[in-house]
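> Structure incoming, see below.
The values are calculated or read from the model by the stated rules, or taken from the named source; none is laboratory data. Since this is a predicted model, take the numbers as computed values, not measurements. Every residue, glycine among them, receives a Cβ derived from its backbone with ideal geometry; neighbour counts consider all protein chains shown.
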Amino acid sequence: MPTQDEVLGYFETLSNRGRWGDDDELGTLNHITDEVRLAAARAVRHGRSVSCAWEVAVPGEMERSTTVCPCAADMPGAERMPVPGFRNDRRWGFSNERLGIMFHGNTITHVDSPCHLLWDGRMYNGRPHSLLDAETGSAWAAVTAAANGIVTRGVLLDVAEAREVPWLEPGQGVFPEDLEEAERRQGVRVRPGDAVLLRTGYGRVRHEAGDSGGFTQAGWHASCLPWLHDRGVALIGADTPQDVQPSGYQDVLMPVHAVGLVAMGLWLLDNCDLEACAATAAELGQWDFQLAVAPVRFAGTSGSPVNPIATF
């Protein structure tokens, strides 16, 4: 269990500042080389794809304003009443939505880009907070840095199964020894460029109870950060918002977010639904797969809702 001073020291000891150049905005996505993508393609051995995202509830996480123009033939007086949105033949209709969504939080599956967090007024690769603007967003390390998508080998580490429990209880942290035990049981090893998806079993709780969680949750413990750095992991995900809460550290409440995003440039996949992925992996006896994540190219944003696809 690292002390708080040791965790604070991770901002220096695990820093990737300048590692890929002073102008780098990709951070750990630099681990995903062409060779890594080719290896990810070779992980497709069955051709089966599953989603690792939750459906966005309406109403709930999303505000919707919908316009519906039905077929003119179904409208009383359609022949004499002009209807905006119809062609001259007046045979077709449409629906249209204006959506409002706050994707950061504990429910929606989304990716965090490095500009999402600051520490001591700076973002990844030492850039100042002045590059953040309330109207235009971030001019540095926004989600558009990953405009070409994130395609790599994914590895699911089922720590709940490794501990032989249906799920980890809120507040229980996952440690490096848990990760290595899951590797041993599943016959897989995390390699440079991989995306590591952590199953705590919370997705099962959410499916069964409809619980969207609170402040207390299971997740990565800060002690996993050196392990992720040493393994050259490109992206991490979890079926929670990543950090175990409470973290156990008064001065850095979310060390995986803070050290990961700011010091390492480690991209995060929050709030995955890993139940179908875990069931498929267990059925096929295959715990690695091709993972494809395509963020929406929202200019200047600190992330994007996503639908990660695992193909076995």
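> Which one is modelled with the lowest pLDDT among residues in the range 48-80 that are within 22 Å of the chain's Cα centre (by Cα) and not in a loop (DSSP other than H, G, I, E, B)?
Once the filter is applied, the top-ranked residue is Met62.
> Something else: Show me the strands (runs of 3 or more DSSP E) found entirely inside the range 232-312 where at least 2 residues are at negative phi and aliphatic (A, V, I, L, M). Steps first, please.
Working: elements: 235-238, 267-270, 288-293, 303-305, 309-311.
Where strands (runs of 3 or more DSSP E) fall fully within the range 232-312 and carry at least 2 residues being at negative phi and aliphatic (A, V, I, L, M), they are 235-238, 267-270, 288-293, 309-311.
For (1) of a type in the set (Asp, Glu); (2) within 27 Å of Val50 (Cα to Cα); (3) in contact with a His (Cβ under 8 Å, 6 or more places away or on another chain), each residue gets a yes or a no:
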{"position": "Gly232", "(1), (2), (3)": "no, yes, yes"}
{"position": "Asp239", "(1), (2), (3)": "yes, yes, no"}
{"position": "Gln242", "(1), (2), (3)": "no, yes, yes"}
{"position": "Pro246", "(1), (2), (3)": "no, no, no"}
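> OK, next. Every residue in the range 154-203 that is part of a helix (DSSP H, G or I) and charged (D, E, K, R), please. Break it down stepwise before answering.
Restricting attention to the range 154-203, the residues satisfying the condition of being part of a helix (DSSP H, G or I) are 159-162, 176-186, 202-203.
Across the range 154-203, the qualifying residues are Glu161, Glu177, Asp178, Glu180, Glu181, Glu183, Arg184, Arg185.
> Residues being part of a helix (DSSP H, G or I) and touching a residue at least 24 places away in the same chain (Cβ under 8 Å): count how many of those fall in the range 207-231.
8
> Is it true that Ala276 is of a type in the set (Gly, Ala, Ser) and closer than 15 Å to Tyr124 by Cα?
Judged against the criteria, Ala276 is not a match.
The rows are residues; the columns are (1) within 30 Å of Leu26 (Cα to Cα); (2) surrounded by fewer than 19 Cβ atoms within 10 Å (Cβ to Cβ).
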site	(1), (2)
Glu183	yes, yes
Pro192	yes, yes
Val196	yes, no
Arg199	yes, no
Gly210	no, yes
Phe215	yes, yes
Ala218	yes, no
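> In this structure, does Arg127 turn out to be over 30 Å from Ala39 (Cβ atoms), basic (Lys, Arg), in contact with a Phe, Trp or Tyr (Cβ under 8 Å, 6 or more places away or on another chain) and surrounded by 18 or more Cβ atoms within 10 Å (Cβ to Cβ)? If you could, list the steps in order and put the result at the bottom.
On the way: over 30 Å from Ala39 (Cβ atoms): yes; basic (Lys, Arg): yes; in contact with a Phe, Trp or Tyr (Cβ under 8 Å, 6 or more places away or on another chain): yes; surrounded by 18 or more Cβ atoms within 10 Å (Cβ to Cβ): yes.
Against the criterion (over 30 Å from Ala39 (Cβ atoms), basic (Lys, Arg), in contact with a Phe, Trp or Tyr (Cβ under 8 Å, 6 or more places away or on another chain) and surrounded by 18 or more Cβ atoms within 10 Å (Cβ to Cβ)), Arg127 qualifies.
> Given the residues Leu274, Leu269, Leu291, which is the only one that is of a type outside the set (Gly, Ala, Ser), farther than 19 Å from Gly187 by Cβ and crowded, with 24+ Cβ neighbours inside 10 Å?
Among Leu274, Leu269, Leu291, only Leu269 is of a type outside the set (Gly, Ala, Ser), farther than 19 Å from Gly187 by Cβ and crowded, with 24+ Cβ neighbours inside 10 Å.
> Being under 30 Å from Pro128 (Cβ atoms) and not polar (S, T, N, Q) is the filter here, so list the residues in the range 142-170 that pass it.
Of everything in the range 142-170, those that are under 30 Å from Pro128 (Cβ atoms) and not polar (S, T, N, Q) turn out to be Ala142, Val143, Ala145, Ala146, Ala147, Gly149, Ile150.
> If you don't mind, there's one more thing I want to ask. Considering only residues that are free of Cβ contacts under 8 Å to residues at least 40 places away in the same chain and more than 20 Å from Gly219 (Cα to Cα), which ones fall in the range 144-183?
Within the range 144-183, just Asn148 meets the criteria.
> Go through (1) more than 25 Å from Val205 (Cα to Cα); (2) out of contact with any helix residue (DSSP H, G or I) (no Cβ under 6 Å at 6 or more places or on another chain) for Pro295 and report which single condition fails.
(2)
> To continue, here is another question. For Thr33, are the conditions met, namely being in contact with a strand residue (DSSP E or B) (Cβ under 7 Å, 6 or more places away or on another chain), hydroxyl-bearing (Ser, Thr, Tyr), surrounded by 12 or more Cβ atoms within 10 Å (Cβ to Cβ) and modelled with pLDDT of 90 or more?
The answer is no for Thr33.
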